[in-house]
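The values are calculated or read from the model by the stated rules, or taken from the named source; none is laboratory data. Note that the coordinates shown come from a computational prediction; the quantities given were computed from them, not determined experimentally. Don't worry about glycine lacking a Cβ; one is built from the backbone with ideal geometry, like all the others, and counts go over all protein chains shown. Note: areas computed on protein heavy atoms with side chains; ligands, DNA, RNA excluded. Shrake-Rupley method; radii C 1.70, N 1.55, O 1.52, S 1.80 Å.
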Amino acid sequence: QVQLMESGGGLVQAGGSLRLACAASGSIFAINYMTWYRQPTGKNRELVARITHTDTTHYADDVKGRFTISIDKAKNMTFLQMNSLKPEDTALYYCNADIRPSYERAWRDWWGQGTQVTVSS
């Protein structure tokens with residue numbers, strides 16, 4: 001099996017920073033990309049940032065210039081550095097990864113449990 005575990009969420013004042021981390025563990029053969037999503041209370045889940053195994057990055061328009069995604073391929077981890085946080089960034093942040101487990105040939109989507117980020121005004 002494969003597991004994703006997020007960490008680093010918390011309460012921060014507007015203008016502050018947080019760094020989220022996501023560790024993928026288990027029977028991993030390869031990772032194609034890792035993605036951060038967020039879901040504000042009562043709203044749909046939305047993509048925040050993605051990084052591929054070739055280090056290509058993609059960001060949602062409202063986080064460009066404020067958030068930075070990175071990857072540690074040796075440790076199967078991704079990080080989301082969030083600066084200049086706004087109250088509207090408040091959400092449950094999920095880690096997602098496209099992973100091929102070592103026990104099969106199929107690529108699958110895996111999800112973490114989420115970590116709460118709350119930005120106070």
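Assuming R0 = 22 Å, can you tell me the calculated FRET efficiency for the pair residue 121 and residue 83, based on Cβ-Cβ distance, to the nearest 0.05?
On the way: r = 17 Å, r/R0 = 0.76.
Approximately 0.85, to the nearest 0.05.
Could you work out the Kirkwood radius for the chain, taking every pair of different alpha carbons, averaging 1/r and inverting it, reported in Å? Don't skip to the answer; put the middle values down first.
Working: mean 1/r = 0.0693 Å⁻¹.
For the chain, inverting the mean 1/r across all distinct Cα pairs yields 14.4 Å.
When only Cα pairs under 8 Å and 6 or more residues apart are kept, what is the percent relative contact order across region 1-44? Numbers along the way, then the final one.
On the way: 33 pairs, mean separation 17.1, N = 44.
Normalised by residue count, the contact order of region 1-44 is 39 percent.
Could you check the simple spin-label distance between residue 32 and residue 11, using points 7 Å along Cα→Cβ, in nm with one decimal?
Each label point is offset 7 Å from its Cα along the Cβ direction, giving 4.0 nm.
For residue 64, what accessible area in Å² do you get when you roll a 1.4 Å probe over the heavy atoms of the protein chains, rounding to the nearest 10?
Accessible surface of residue 64 is approximately 120 Å².
Counting only heavy atoms of protein chains, what accessible area per residue, in Å², does region 48-121 have with a probe of 1.4 Å? Could you put the intermediate results ahead of the total?
Details: 3880 Å² over 74 residues.
Accessible area per residue: 52 Å².
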